[in-house]
Amino acid sequence: KISRSEHVKAFNEAQRCFNFTSAREASKKAQCAKDALKEGRFLFLPDSLNIAALTYNYGMALKRRDKDKAHDVLGESLELYEAIYGESSLEIINILIDMGESRKVKAIAKKNFDQNSVEYAGILLELSLSEMITLGETSRYARSALEIYLEKEGVESHNTATASYQMGKVKFAQKKYESAIPYLIGATKHPEVATYAHGWLVRAYGLTDQD
């Protein structure tokens with residue numbers, strides 16, 4: 001029988017491996033997360049926050065390799081978090097975003113925030129960054145967030161520029177390069193976002209023969 005101290009050692013090694021492995025090494029990172037969860041089951045209660053977090057890590061690590069399996073594993077972690085925090089708590093919203101469960105995300109957001117608030121816009125923007133939703137949804141949520149930020153914070157805020165940048169990238173993905181330009185110009189209004197947006201803007205001009 002393996003002793004508790006050996007499980008602790010194996011768990012710590014797996015966690016270290018997970019923490020220090022780049023997301024680019026998808027297979028290795030997923031294996032480390034799986035090992036950490038396996039060892040964690042010997043150390044923590046099955047319905048604990050620790051197991052919820054380890055399951056979440058494994059699900060996220062799987063996203064680059066196998067989206068369907070990632071969705072299933074994230075679903076397991078969601079059930080654990082829901083049991084701890086409740087089904088409509090803000091604590092579970094990030095997992096729902098990671099799973100692309102946009103309807104549930106919006107329902108929780110509406111329960112907690114005014115639909116014209118900056119907080120609501122923040123959740124829409126996060127949702128638009130999820131890899132698990134369609135391009136059409138990405139566009140819709142980013143545009144809604146941008147409208148709220150423009151109204152509440154003006155053109156030069158970091159949030160407005162970030163939402164504008166996201167819209168520019170969506171238009172790029174849709175090969176609507178001319179439509180991307182105004183959004184990418186909007187993204188340059190904040191110096192931090194401009195760092196990323198300038199390169200896209202140059203490419204958009206190049207692809208539409210504008211200067």
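The values are calculated or read from the model by the stated rules, or taken from the named source; none is laboratory data. In this text the structure is predicted, and so the values were computed from the model without any measurement. So basically every Cβ, Gly included, is an ideal-geometry build from the backbone, and we count neighbours across all protein chains shown. Side chains included, ligands, DNA and RNA excluded: accessible areas come from the protein's heavy atoms. Shrake-Rupley method; radii C 1.70, N 1.55, O 1.52, S 1.80 Å.
So the values come out like this:
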| item | result |
| --- | --- |
| Tilt relative to the chain, helix 49-62 - C-alpha long axis, 0 to 90 degrees, to 10 | 60 degrees |
| Surface accessible to a 1.4 Å probe, per residue, for the residues of the chain, Å² | 56 Å² |
| Net charge, MET132 excluded, C-beta distance under 11 Å - Lys, Arg +1, Asp, Glu -1 | -3 |
| Per-pair calculated FRET efficiency, R0 = 35 Å: LYS111 and LYS28 via Cβ, rounded to 0.05 | 0.35 |
| Derived scalar couplings ³J(HN,Hα) [segment 87-92; Karplus, 6.51 cos²θ - 1.76 cosθ + 1.60; whole Hz; x for Gly, Pro] | 6, 10, 8, 5, 4, 9 |
| Reciprocal of mean inverse Cα separation for segment 92-211 (Kirkwood radius, Å) | 14.4 Å |
| Table column - 3J(HN,Hα) (Hz), segment 136-142, Karplus curve with 6.51, -1.76, 1.60, x for Gly and Pro | x, 5, 3, 4, 4, 6, 5 |
| The chain: angle of helix 158-173 to the longest principal axis, Cα-based, in degrees nearest 10 | 90 degrees |
| Relative contact order (%) - segment 22-152, alpha-carbon pairs under 8 angstrom, separation at least six | 15 percent |
| Three semi-axes of the equivalent ellipsoid, the chain, Cα gyration tensor, whole Å, largest first | 38, 21, 14 |
| Segment 132-174 versus segment 15-62: alpha-carbon centroid distance in Å | 32 Å |
| R0 of 35 Å, Cβ-Cβ distance TYR205-ASP66: FRET efficiency to nearest 0.05 | 0.35 |
| Helix axis angle, 102-112 relative to the chain longest principal axis, alpha carbon, degrees | 90 degrees |
| Projected-area average for segment 1-46 over all orientations - Cα convex hull basis, square nanometres | 3.3 nm² |
| In segment 9-55, the trypsin sites (Lys or Arg not before Pro) that fall in loop regions by DSSP, at most 11 other Cβ within 10 Å | ARG24 |
